[in-house]
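The values are calculated or read from the model by the stated rules, or taken from the named source; none is laboratory data. None of the values given here were measured: they were computed from a predicted structure. Here the Cβ positions follow ideal geometry from the backbone for every residue, glycine too, while neighbour counts run over all protein chains shown.
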Amino acid sequence: MIFNPVAILFPLLLLIAGGYVIARIFSLSEGPLVRVVTDFFMPLLVFHSFCTTPTSISQVIRVFGAVSLVVGLFLILSWLYCRIFQLEMKAVAPPLLFMNAGFLGIPVMKLWGGLAAMNLIVLYDQLQTFYIFTLGIVVVTGKFSWKGLKEIIQTPLIWSVVLGLGFNLFQIPVHQAILSGFAFGGDVAPALAVFTIGMSLHRYRITVNGHVVAGVMMRFILGFLFGWLSCWLFNFTGLTRTVVIVASSLPSAVFSAVLPIRYGVDSRFASSVLVVSTLLSVVTLPLAFYLSELTG
């Protein structure tokens, strides 16, 4: 599949700009909208897509291996960088470890490759979510939290993945009326997700220095290389290979700035890397697609 920058990026940029302008004019917070998207509309989309698109246990295991490898390599990299420059791991690691495979990745892949590509990045994103609320909280607080694990168990998105995969793998029939209703509601999710990114950008202040530039470069360049390595190790080809590589090199996740704020950690580095990497995705997204095809 060919990445068409105009066809893919214009709808995303339009909605991001709209979210930013609305949040600025009316002084709105993205929090309630994030909750609505992640706990209602996105689960509808995920359950429907997993129910209606063929998948397998082996694919789930291999994608989990790829996510684990990318996150693990970034964890080692973050530790080394902080040791060399005498920085706090809990402030630096989150925007490097976690990428925006949900709110940005899902709409991108749906526009690029349809439901098949979207299902793959949904799986990638939800496996990463497990690490956000376990490893992410450990990194930010310095200790394991049962609260983080409880948040995973109570997340509707996780259950939509589990149930969708279960119905698919065990071939449990779902009434067409239910699938149609879920499809109708789920179609709203990608647009709302991108809109919330624009709203969130209004809240974060940018501080550009050498470490922020290095963080953004590592997120893109090393994310791409780690994604490529995971594809080589797990023998991903075709559509799956492109999805994994592009997902691994996406901008920092919104939660990479939210976690430090939630636990009283200095979030200036995370917020700056989040904003700068998101803005630069206009360039890096087409480049990631192009390079993934070139190196295939």
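Assorted remarks:
Residue-by-condition table, conditions (1) in a helix (DSSP H, G or I); (2) closer than 21 Å to Leu163 by Cβ; (3) basic (Lys, Arg):
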residue: Ile106; (1), (2), (3): yes, yes, no
residue: Gly114; (1), (2), (3): yes, no, no
residue: Asn119; (1), (2), (3): yes, yes, no
residue: Leu123; (1), (2), (3): yes, yes, no
residue: Leu127; (1), (2), (3): yes, yes, no
residue: Phe130; (1), (2), (3): yes, yes, no
residue: Phe133; (1), (2), (3): yes, yes, no
residue: Ile137; (1), (2), (3): yes, no, no
residue: Lys143; (1), (2), (3): no, no, yes
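- Checking the stated criteria, Phe47 turns out not to satisfy the condition of being in contact with a Phe, Trp or Tyr (Cβ under 9 Å, 6 or more places away or on another chain), under 18 Å from Thr242 (Cα atoms) and at pLDDT below 95.
- Exactly one residue out of Leu149, Leu165 is hydrophobic (A, V, I, L, M, F, W, C), touching a residue at least 40 places away in the same chain (Cβ under 8 Å) and out of contact with any His (no Cβ under 9 Å at 6 or more places or on another chain), and it is Leu165.
- Cβ-Cβ contacts under 8 Å between residues 6 or more apart (or on different chains), taken from a first residue in region 272-286 that is under 14 Å from Met217 (Cβ atoms) and of a type in the set (A, V, I, L, M) to a second residue that is at pLDDT below 90 and crowded, with 24+ Cβ neighbours inside 10 Å, are listed as Val273/Ser256.
- The set of residues from region 130-145 being over 12 Å from Leu259 (Cβ atoms) and within 22 Å of the chain's Cα centre (by Cα) comprises just one member, Phe130.
- Pairs meeting the criteria (first residue in region 31-43 and of a type in the set (S, T, N, Q), second residue at pLDDT below 85, beta carbons under 7 Å, at least 6 apart or on different chains) are Thr38/Leu157.
Results for (1) under 21 Å from Phe220 (Cβ atoms); (2) touching a residue at least 12 places away in the same chain (Cβ under 8 Å); (3) not aromatic (Phe, Trp, Tyr), shown as yes or no for each residue.
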| position | (1), (2), (3) |
| --- | --- |
| Arg83 | no, no, yes |
| Val92 | yes, yes, yes |
| Met109 | yes, yes, yes |
| Gly114 | no, no, yes |
| Leu120 | yes, yes, yes |
| Gln126 | no, yes, yes |
| Ile132 | yes, yes, yes |
| Ile137 | no, yes, yes |
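- With respect to the stated conditions, Ser230 fails to be of a type in the set (Gly, Ala, Ser) and either closer than 13 Å to Ser271 by Cα or in contact with an Asp or Glu (Cβ under 8 Å, 6 or more places away or on another chain) (or both).
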